[in-house]
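So that we are looking at the same thing, I have put the structure below in structure tokens.
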Amino acid sequence: MLPTRVLAEAVADEWRAQKERIDPATMPLTKLANSAIDGVRGREQAVIDDIVKYAGSDLLCYRAEGPKGLVASQGKHWDPVLAWAKATLAAPLRLAEGVVHVAQPKASLRRIRRELEGLDPFSLAALHVMTSLTGSALLALAVARGKLTPQHAWAAAHVDEDFQISQWGEDAEAAARRKHRWRDFAASARLLEAVRG
């Protein structure tokens with residue numbers, strides 16, 4: 001049973017678009033809805049735990065030491081989200097240079113957990129997918145709360161990759177993978193919107 005008519009109609013549209021052969025790759029909302037029903041419902045705390053674990057090593061907290069262009073791009077895309085988390089969620093996070101793990105304040109992680117507590121299985125499924133695709137619970141929450149559009153969050157998640165592409169060019173296989181991942185991310189954002197009705 002789907003929680004809103006909007007979501008039910010969106011899933012039905014995916015089924016209506018199928019031809020002689022059913023192609024699951026063209027049905028991301030159906031896949032997400034099934035994940036919510038079969039994989040999240042009854043396991044909400046485990047899913048919340050996993051999202052909070054991502055927040056404990058959130059992508060936005062790990063900064064490059066150089067070159068300057070990459071450092072500037074990370075700051076431009078990531079600093080406003082961190083400032084929003086501090087001001088709106090009361091969840092300031094610590095930054096680190098490089099990949100050495102930095103422990104995040106327990107109080108901040110508790111506040112992020114509170115943002116997730118009580119969410120329905122469908123919203124949690126969507127947030128979990130968005131978090132795992134980007135490596136950032138903050139980007140997922142920023143989309144859920146309307147701070148970022150899905151497109152802006154996706155761009156922020158790929159600052160490092162886009163910088164490398166600007167230096168060395170794009171690999172066709174990596175571009176295809178990214179396109180498929182974007183489809184799942186965008187579907188998750190659509191599901192969040194549909195659940196709100």
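Laboratory data are not the source of any read-out in this text; all were calculated from the coordinates shown. As the structure is a computational prediction, the values presented were derived from the model and not from experiment. Backbone-built Cβ (ideal geometry, glycine too); neighbour counts: all protein chains shown.
Over the stretch 92-149, what per residue volume does the convex hull of the Cα atoms give, in whole Å³? Show your work: numbers first, answer last.
Working: hull volume 5.8 nm³, N = 58.
Dividing the Cα hull volume of the stretch 92-149 by its residue count gives 100 Å³.
Related question: Tell me, how many Å apart are the Cα centres for the stretch 40-110 and for the stretch 135-181?
Taking the Cα centre of each part, the stretch 40-110 and the stretch 135-181 sit 15 Å apart.
Also, I was wondering about something else. Could I have the simple spin-label model distance between Arg113 and Gln164, label points 7 Å from Cα toward Cβ, reported in nm to one decimal?
Using points 7 Å along Cα→Cβ, the separation is 3.4 nm.
Please give the length that would be gained between Arg16 and Glu65 if that part of the chain were fully extended, namely 0.36 nm times their separation in residues minus their C-alpha to C-alpha distance (nm, one decimal).
Details: separation 49, 0.36 × 49 = 17.64 nm, distance 5.00 nm.
So the chain would gain 12.6 nm between Arg16 and Glu65.
Based on DSSP H runs of at least 4 residues, each adding -39500 (n - 2.57), what is the mean residue ellipticity at 222 nm of the chain after dividing by all its residues, to the nearest 500 deg cm²/dmol? It would help to have the intermediate numbers written out before the result.
Working: 10 runs with 128 residues, N = 197.
It lands at -20500 deg cm²/dmol.
Sticking with this structure for a sec: Viscosity 0.890 mPa s, temperature 25 °C: Stokes-Einstein D of the stretch 81-197 from its Kirkwood Cα radius, in µm² per second?
159 µm²/s
In nm, to one decimal, how far is the Asp79 label point from the Ala46 one, both placed 7 Å along Cα→Cβ?
With each label placed 7 Å out from Cα toward Cβ, I get 4.1 nm.
How long is the stretch 124-189 along each principal axis, judged by its Cα atoms, biggest number first, in Å?
So the three principal-axis extents are 36, 19, 16 Å.
Largest first and in whole Å, give the semi-axes of the stretch 26-142's equivalent ellipsoid, each being the square root of 5 times a Cα gyration tensor eigenvalue. Kindly include the intermediate steps, with their values, before the conclusion.
Values: eigenvalues 150, 54, 27 Å².
Each semi-axis is √(5λ); the values are 27, 16, 12 Å.
Which net charge results for the neighbourhood of Leu109, defined as the other residues with beta-carbon distances under 13 angstrom from its beta-carbon, given Lys and Arg at +1 and Asp and Glu at -1? Intermediate results must be reported in sequence, preceding the final value.
Values: positive: Lys53, Arg94, Lys106, Arg110, Arg111, Arg113, Arg114; negative: Asp49, Asp50, Asp58, Glu115, Glu117.
So the surrounding residues net to +2.
How big is the Cα convex hull of the stretch 57-99 in projection, averaged over all directions, in nm²?
The Cα convex hull of the stretch 57-99, projected and averaged over all directions, gives 2.8 nm².
Quick one: give the max-minus-min coordinate of the C-alpha atoms of the chain along each principal axis, largest first, in Å.
Sorted from largest, the Cα extents of the chain read 52, 42, 24 Å.
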